[in-house]
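All remarks here apply to the structure that follows.
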Amino acid sequence: MRFDKVMKVFLVGSILTLYGCANGNGNVDYISPLGYSHLADYLSDTFERANCIGVIFSNQGKKSINADGLKYELNGRNIKCYVTSIEESISRYCASKGGQMIQGNSWCQVNKEPLFNINYGSDTSRRVWGVSSEPFSSVEQSNLQTRQQWLDSAERLGFISERVQQRIDLNKEISLEKDKAENERKKIEMNAEVNTQIGDLICKEDYDADPYRYPSKPYYKAYVEKKVGDKTQLRLVWHGGDGFVINDINENNKIVWVSPKGWKHCE
């Protein structure tokens, strides 16, 4: 009888001890990154010691190799470890390889090349991951990948390499040139004066419209009713674009006096 009580006390104490270890304080222990050739191995040891998923007798994460590279992912979604504590360990590993964390601490870069990528999930604004978070994961070059294959994979995952930055800069330059040409076109059209007769149907681009709101450029259609000096009386009959109509012409605004500049005969 006494033996049974002792065993019960021992079992209860053991369970409480394990439960306490499983919950921890949210911080991961310091582990020296020296001697680790892969981040996946370093993270595996770090998370196993901290028991970040809070489940005893269970592996914390898993390693796998796919087209992206060597991947490490934590099992489960309700991660118990602090994001900031894990970030410190990852930054420490990156620094030990002579690198630095960039792009919002999502990439470790060494000599302008990607060493690994970190995805903290969808809940990084909180100090601890929540139940709805995506799994934590990391990706790095696998032993099955060549350097170029890893670089291509990293770019697909969002790493901004020198050649990607060159494409971004080129696209910006092209976009600026297009904007410049478009502004010049508008300037010319807005200052061009149309020669009209009473009854002519004329059109004008709606320069004030939000270019991202409509599928194409909206414009006005109007009939010329009167001409007095440098002003023309128009009867607005349509406002819209190719395949859509903006229903904002009514009895209060369909008759307007405007300058003939910016208008042209409808095609």
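The values are calculated or read from the model by the stated rules, or taken from the named source; none is laboratory data. Quantities reported herein were computed from a predicted structural model and do not represent experimental measurements. Quick reminder, even Gly has a Cβ in these numbers, built from the backbone with ideal geometry, and neighbours come from all protein chains shown.
Quick notes
- Considering only residues in the stretch 206-244 that are aromatic (Phe, Trp, Tyr) and surrounded by 10 or more Cβ atoms within 10 Å (Cβ to Cβ), the one that is farthest from GLU189 (Cα to Cα) turns out to be PHE244.
- Within the stretch 20-78, considering residues that are among the basic types (Lys, Arg) and modelled with pLDDT under 95, the one farthest from CYS94 (Cα to Cα): ARG77
- The residues listed here are ARG163, ARG167, ARG156; of these, the one that is in contact (Cβ under 8 Å) with a residue 60 or more places away in the chain and closer than 30 Å to GLN103 by Cβ is ARG156.
- Cβ-Cβ under 6 Å pairs, at least 6 apart or on other chains, the stretch 30-43 side free of Cβ contacts under 8 Å to residues at least 40 places away in the same chain, far side surrounded by fewer than 23 Cβ atoms within 10 Å (Cβ to Cβ): none
- Inter-residue pairs, beta-carbon under 7 Å, first in the same structural domain as LEU234 (by TED's automatic domain parsing) and more than 27 Å from ILE188 (Cβ to Cβ) and in the stretch 245-265, second surrounded by fewer than 16 Cβ atoms within 10 Å (Cβ to Cβ) and at pLDDT 90 or above, 6+ apart: LYS254/ARG235; ILE255/ARG235
- Strands (runs of 3 or more DSSP E) (entirely within the stretch 165-249) containing at least 3 residues that are at positive phi and under 33 Å from the mean Cα position of the chain (by Cα): none
- Members of the stretch 193-227 found to be within 14 Å of PRO260 (Cβ to Cβ) and either out of contact with any strand residue (DSSP E or B) (no Cβ under 8 Å at 6 or more places or on another chain) or of a type outside the set (A, V, I, L, M) (or both), listed by number: GLU193, ASN195, THR196, GLN197, ASP200, CYS203, LYS204, TYR220, TYR223, GLU225, LYS226, LYS227
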